[in-house]
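Chemist: Provided herewith is a single structure, encoded as structure tokens, for subsequent inquiry.
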Amino acid sequence: MNENMKKILDKIKEYDKILIFRHFRPDGDAVGSTRGLAEILKLTYPEKKIYLQNTDFSDYLSFYGEEDGLLPDEEYADALGILMDTATMKRISNQKFSLCKEFVKIDHHIPIESYGVAEWVEEERSSTCEMVAAFYDAFKDELKINKQAATYIYTGMVTDSGHFRFR
């Protein structure tokens, strides 16, 4: 576990509403990491409001079903935004993330732009899904996971690693 992971968990605990965002033209890692983290947080904190807030979707992963509809602008003001799998803010699919009270970054790409009140970037990771799995593992005494969350995470790890052919 590193210090940035702990900062992000502390921010998650601090907020009653969490909005999760990813990059536009999402691939398996973007979809898997956002859905996987959302599922873990919903299981762990059933009293919190946790929403995926993205404006575009992946046809080849449509079998996972619908995502949350977009919330009205005023719903962002008291929320923590979690921005996943994108090195720059301009690539985030829903630019309303900037309306969030605070936001954090979880990403595995080479750092290009620093943003958020807490950042966890590990470019040596195969995927952001691998990072979500590490996040769960670091705090498994307090976080919950189920088969659905694990399936989302596995999807991103498989796709971003070229079916485990790449380091």
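Chemist: Could you identify the single residue in Y51, Y136 that is surrounded by 14 or more Cβ atoms within 10 Å (Cβ to Cβ), in contact with a helix residue (DSSP H, G or I) (Cβ under 9 Å, 6 or more places away or on another chain), in a strand (DSSP E or B) and among the hydroxyl-bearing types (S, T, Y)?
Modeler: Values: Y136 fails: in a strand (DSSP E or B).
Criteria check complete, one pass: Y51.
Chemist: What is the residue count in the stretch 20-48 for residues that are open to solvent by less than 50 Å² (accessible area, probe 1.4 Å), within 19 Å of L71 (Cα to Cα), at pLDDT 95 or above and not in a helix (DSSP H, G or I)?
Modeler: Residues flagged as open to solvent by less than 50 Å² (accessible area, probe 1.4 Å), within 19 Å of L71 (Cα to Cα), at pLDDT 95 or above and not in a helix (DSSP H, G or I) within the stretch 20-48 amount to 4.
Chemist: Does F103 qualify as being more than 13 Å from A30 (Cβ to Cβ) and either aromatic (F, W, Y) or crowded, with 17+ Cβ neighbours inside 10 Å (or both)? Walk me through how you get there before you give the answer.
Modeler: Details: more than 13 Å from A30 (Cβ to Cβ): yes; either aromatic (F, W, Y) or crowded, with 17+ Cβ neighbours inside 10 Å (or both): yes.
Spelling it out, F103 is indeed more than 13 Å from A30 (Cβ to Cβ) and either aromatic (F, W, Y) or crowded, with 17+ Cβ neighbours inside 10 Å (or both).
Chemist: Please list, ordered by first then second residue, the pairs with beta carbon atoms under 9 Å, 6 or more apart or interchain, first in the stretch 140-167 and modelled with pLDDT under 95 and part of a loop (DSSP other than H, G, I, E, B), second open to solvent by 100 Å² or more (accessible area, probe 1.4 Å) and of a type in the set (D, E).
Modeler: R167/E124
Chemist: Out of (1) of a type in the set (A, V, I, L, M); (2) in contact with a Lys or Arg (Cβ under 9 Å, 6 or more places away or on another chain); (3) surrounded by fewer than 19 Cβ atoms within 10 Å (Cβ to Cβ), the odd one out for V158 is which?
Modeler: Unmet for V158, out of (1) of a type in the set (A, V, I, L, M); (2) in contact with a Lys or Arg (Cβ under 9 Å, 6 or more places away or on another chain); (3) surrounded by fewer than 19 Cβ atoms within 10 Å (Cβ to Cβ): (2).
Chemist: So is D141 charged (D, E, K, R) and closer than 19 Å to D56 by Cβ or not?
Modeler: Numbers: charged (D, E, K, R): yes; closer than 19 Å to D56 by Cβ: no.
Against the criterion (charged (D, E, K, R) and closer than 19 Å to D56 by Cβ), D141 does not qualify.
Chemist: Here are some residues: M5, M89. Which one is in contact (Cβ under 8 Å) with a residue 24 or more places away in the chain and under 23 Å from D137 (Cβ atoms)?
Modeler: Values: M89 fails: under 23 Å from D137 (Cβ atoms).
Among M5, M89, only M5 is in contact (Cβ under 8 Å) with a residue 24 or more places away in the chain and under 23 Å from D137 (Cβ atoms).
Chemist: Pull out all pairs, ordered by first then second residue, where Cβ-Cβ is under 6 Å, the residues are six or more apart or on different chains, the first lies in the stretch 51-76 and is among the β-branched types (V, I, T), and the second is surrounded by 11 or more Cβ atoms within 10 Å (Cβ to Cβ).
Modeler: These pairs meet every condition: T55/S93; T55/N94.
Chemist: Just one of the numbered conditions (1) out of contact with any strand residue (DSSP E or B) (no Cβ under 7 Å at 6 or more places or on another chain); (2) within 23 Å of K147 (Cβ to Cβ); (3) at pLDDT below 95; (4) of a type in the set (D, E) is not true of E67; which one?
Modeler: Among (1) out of contact with any strand residue (DSSP E or B) (no Cβ under 7 Å at 6 or more places or on another chain); (2) within 23 Å of K147 (Cβ to Cβ); (3) at pLDDT below 95; (4) of a type in the set (D, E), E67 violates only (1).
Chemist: Please work out which residue is farthest from R125 (Cα to Cα), limiting yourself to the stretch 79-92 and to residues that are open to solvent by 20 Å² or more (accessible area, probe 1.4 Å) and either of a type in the set (K, R) or touching a strand residue (DSSP E or B) at 6+ places or on another chain (Cβ under 6 Å) (or both).
Modeler: Ranking the candidates gives K90 first.
Residue-by-condition table, conditions (1) assigned to a strand (DSSP E or B); (2) over 17 Å from G32 (Cβ atoms); (3) among the acidic types (D, E):
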{"residue": "A77", "(1), (2), (3)": "no, yes, no"}
{"residue": "G81", "(1), (2), (3)": "yes, yes, no"}
{"residue": "K90", "(1), (2), (3)": "no, yes, no"}
{"residue": "F97", "(1), (2), (3)": "no, yes, no"}
{"residue": "V104", "(1), (2), (3)": "yes, yes, no"}
{"residue": "S126", "(1), (2), (3)": "no, no, no"}
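Chemist: Does the stretch 98-131 hold any residues that are over 20 Å from G156 (Cβ atoms) and either among the polar types (S, T, N, Q) or in contact with a helix residue (DSSP H, G or I) (Cβ under 8 Å, 6 or more places away or on another chain) (or both), and which are they? Outline the logic, then answer.
Modeler: Keep residues of the stretch 98-131 that are over 20 Å from G156 (Cβ atoms), which gives 98-103, 112-118.
Across the stretch 98-131, the qualifying residues are S98, L99, E102, F103, E113, S114, Y115, V117, A118.
The values are calculated or read from the model by the stated rules, or taken from the named source; none is laboratory data. This structure is a prediction, so every number in the text was calculated from the model and none was measured. Glycine also receives a Cβ, built like all others from the backbone with ideal geometry; neighbour counts cover every protein chain displayed. The protein model used for the area step is the full one, side chains on, heavy atoms only, and it has no ligands, DNA or RNA in it. Shrake-Rupley method; radii C 1.70, N 1.55, O 1.52, S 1.80 Å.
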